[in-house]
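Down below is the structure, laid out as structure tokens.
Only the coordinates and a few stated rules stand behind these numbers; no lab work does. Being a predicted model, the structure only gives us computed values, none of them experimental. Counting neighbours? That spans all protein chains shown, and the Cβs are built from the backbone with ideal geometry, glycine included.
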2 protein chains.
Amino acid sequence: MKVAIMGYGVVGSGVAAVLKQNFAHIKKNSVSDGLELKYILDLRTFPGDEFESLVINDFNTILEDEEVKIVVETMGGVNPAYKFVSSCLEAGKSVVTSNKELVATKGFELLETAKRNNVNFLFEASVGGGIPVLRPISQCLASNEIKEVAGILNGTTNFILTKMIEEGAAFEEALKTAQQLGYAEKDPTADVEGLDACRKICILASLCFNKHVYPDSVYTKGIRGITEEDVENVKKWGGVIKLIGSSKKLDDGRITAWVSPAIIKNGSQLASVSDVFNAVLVRGNAVGDVVFYGRGAGKLPTASAVVADIIDCAQHIKERKALGWEDASEGYVVPFEETVSRFYVCTDSDKAKVDTVFGVVEYISANAFITEEMTYAQVCKKAELSGGAKSIIRVTDY
Amino acid sequence: MKVAIMGYGVVGSGVAAVLKQNFAHIKKNSVSDGLELKYILDLRTFPGDEFESLVINDFNTILEDEEVKIVVETMGGVNPAYKFVSSCLEAGKSVVTSNKELVATKGFELLETAKRNNVNFLFEASVGGGIPVLRPISQCLASNEIKEVAGILNGTTNFILTKMIEEGAAFEEALKTAQQLGYAEKDPTADVEGLDACRKICILASLCFNKHVYPDSVYTKGIRGITEEDVENVKKWGGVIKLIGSSKKLDDGRITAWVSPAIIKNGSQLASVSDVFNAVLVRGNAVGDVVFYGRGAGKLPTASAVVADIIDCAQHIKERKALGWEDASEGYVVPFEETVSRFYVCTDSDKAKVDTVFGVVEYISANAFITEEMTYAQVCKKAELSGGAKSIIRVTDY
């Protein structure tokens, strides 16, 4: 079966490499006529590259070639990826992507297009890199009602936080180390500000709860404001600060969905996820808690997830896989201000004032404490009333 | 679609409950005509049970009913489960089982029978209870060559070891607690001696390396001999003792496969798996390390995995899923004596003798140390030469 790759960057070149390296393995075990790479679409040229001869610059070559049944999109960004993917699906080609931004913003529409044209649109690699997450969730989903999904979804920020927790590093210092090691980009905004994690929790929530969640409906806060003092206080309390993406189904049918630094108790399976590793926790009504763990990024891990999707497309070329969800509806995502949690608060106010405003709290030190359960709006208001807080961080129950 | 359950014990009754509880959910999302339970085969009767009217005693009723397309086997044991499952497959019915003993001893044969009759034989629930493990491995497998699979495969022994590690309990004391809590059976042999873990590593190794591994070819040692002294020594060294099932592909095409107490370094993702939780680690050539974690047993978790398999059968009723492997061959599994590792040794011999026989070792205390890499045969011989060892435990590299 013939395959084309659009975008010959880190992941795209990894896909080409894995297809080549494991050709015999795939032919023997999964796709009897093998998977043959026919084109690589890129605006650049790659003199001396082993796949140089496959590189083309005109998208229409792929679109018009009826032999190409499966197209891989590893360009990134929404444009022109969206247009290209859409056209491929309309032309009866299955599409596999690792592009989280595309799935988070256009997933519903592209799944509908795939359905209309009786082809597959798969995106396992868009969450958790090489860790099988979306497909096992579909499986869990089949026999469970999923109540909650949450995780450490971004390796860069987890690496930075690990440095802060284990070595007492300051944020800027840890970020610099991450950049030196190639874990963080020169412009680290998408990772550090939580945008990458936001796209991933959108995809997870859409799949788990069967309704699209768009990034702009998800409260998103990154890790830039976390201080060494916070890290120390939380350690003293018996936990760690992680950047968490979380979504939970409420009894009234709405969901919560947010990305934010949050406190995980030591002993929780998420607390021990360190360095660049990712982990996704799923809570089902029958299965209980299940965690998927591994490297959330990297050329070969991500490529291996893309290739697994290609194989799945090849095996479901006649009978497409059932995958899809409803479009978003208004008021579906609860405003972050209304979400309920216990909170860690660090303040310069005096104890008498704190006690008056907050009532019963659990003190960690003279100026840091954990509140009772309340909404985010309430904790912000109380913090203001008691003279202002330096930090407010939610405490999770996993 | 009509389903029958054979064996109305813990898991079987869980399957009936999950099918009923999630009927609408399954009908909406997965199997459009729904999954309807038609018979429950058991030798007993269940007066007052909500499914009482479905209980039958004659296997032939199921076998001869052409409406029943999917049969669930939750009887346990090899006989008569093997005969019943075989007959169902021959009669063109797909079979789902949670019975690890059946799969470990008859898996190759039953998969062949399923293939010949163009039906499915699925057994996700036989490893890791409700945690999706086998299906994600198939997916990893599709685009990776798997190099190694290992895990904490038995919740009972992990609970006992956790009590020993965290509370300094003696083995017998921890076992008693496990029995009181219902985590260990009155006769705990299958768990404590490693037989249950052995069946699971057989299934995992068969799937990962595409060749059946029978329990009698797998070295199996349980946790009965582990002392408080060992636990303390290993803690001092910076690790924990876990009951590990492991299988690794060697460059010469053979595999290692064993179940044994083994030492895991703190910080490893397996080290923090405590209580009754299970975790399976898979090493692929592209994806790196991936870990699946959750409750490895329990009525509803296990039932939810069975029901996910039933759904998969229903969705692949016309086109069966490709699943199968070769039969075992002689000399495929490396004898345990020849497997190589570093070892923890606890002895009463004096240091001079140890140094003479073992050469360079890493001392933990006056009478406990970690050796260099050597075969199990070598460490046993050296231990004997130096005056005998109280304990020998292998050190893993994950």
Distances in nm between the label point of A:GLU372 (7 Å along Cα→Cβ) and its equivalents in the other copies, shortest first, are 6.5
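Using Cα-Cα distances under 8 Å and only pairs 6 or more residues apart, what relative contact order does the range B:281-398 have, in percent?
On the way: 120 pairs, mean separation 29.4, N = 118.
So the answer I get is 25 percent.
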Can you compute the radius of gyration and Dmax for the protein assembly as shown, using only the Cα atoms, both in Å? 27.1, 79
Using a Gaussian network model of chain B whose springs link C-alpha atoms within less than 10 Å, name the residue from B:VAL360, B:VAL18, B:VAL291 with the highest mean-square fluctuation. B:VAL360
Compactness summary of the range B:15-88: radius of gyration and Dmax from Cα atoms, Å, are 13.4, 37
Taking only Cα atoms and a 10 Å spring cutoff, compute GNM fluctuations for chain A and point out the largest among A:ASP191, A:ASP216, A:ASP309. A:ASP216
Hey, in the GNM for chain B with a 10 angstrom Cα cutoff, which one of B:LEU250, B:LEU41, B:LEU134 fluctuates hardest? B:LEU250
Taking Cα pairs closer than 8 Å and at least 6 residues apart, the relative contact order of the range A:1-148 in percent is 20 percent
In whole Å, largest first, what are the principal axis extents of the Cα atoms in the range B:133-248? 44, 34, 24
Per-residue [θ]222 nm for chain B (sum of -39500 (n - 2.57) over DSSP H runs n ≥ 4, rounded to 500): -11000 deg cm²/dmol
Relative contact order of chain A, defined on C-alpha pairs under 8 angstrom at six or more residues apart (%): 18 percent
A correct Karplus calculation of ³J(HN,Hα) over the range B:266-277, with 6.51 cos²θ - 1.76 cosθ + 1.60, θ = phi - 60°, whole Hz and x for Gly and Pro, returns 4, x, 5, 5, 6, 5, 8, 7, 10, 6, 8, 6
Amide H contacts under 5 Å for B:LYS211, restricted to residues at least 5 apart in sequence or on another chain and with H modeled in the peptide plane, are B:GLU326
Using the Kirkwood formula on alpha carbons, the hydrodynamic radius of the range B:269-398 in angstrom works out to 19.1 Å
Over all residues in B:137-149, what is the mean tally of Cβ atoms on other chains that come within 10 Å of each residue's Cβ? 6
In whole Å, how far is the Cα centre of the range B:270-300 from that of the range B:110-145? 17 Å
Count the lysine pairs in the range B:131-213 whose Cα atoms lie under 19 Å apart, taking only pairs 8 or more positions apart in sequence or on different chains. 6
Which trypsin sites (Lys or Arg not before Pro) in the range A:146-234 pass both tests, a DSSP loop state and at most 13 other beta-carbon atoms within 10 Å? A:LYS186
What Kirkwood Rh does chain B have if only Cα atoms enter the pairwise 1/r average? Answer in Å. 22.2 Å
In terms of modelled amide H atoms, which long-range or inter-chain residues lie less than 5 Å from the amide H of B:ARG394? B:ILE263, B:TYR344
Of all the C-alpha pairs in the range B:81-168, what % are more than 19 Å from each other? 53 percent
Low-density loop cleavage sites - trypsin sites (Lys or Arg not before Pro) in the range B:7-78, where at most 16 other Cβ are within 10 Å (DSSP): B:ARG44
Trypsin sites (Lys or Arg not before Pro) within the range A:307-338, DSSP loop, no more than 11 other Cβ atoms inside 10 Å: A:LYS318
What are the ³J(HN,Hα) couplings of the range A:109-119, residue after residue, when phi is run through the Karplus curve with 6.51, -1.76, 1.60 and θ = phi - 60°? Round to Hz, x for glycine and proline. 4, 5, 5, 5, 4, 4, 4, 4, 9, 6, 10
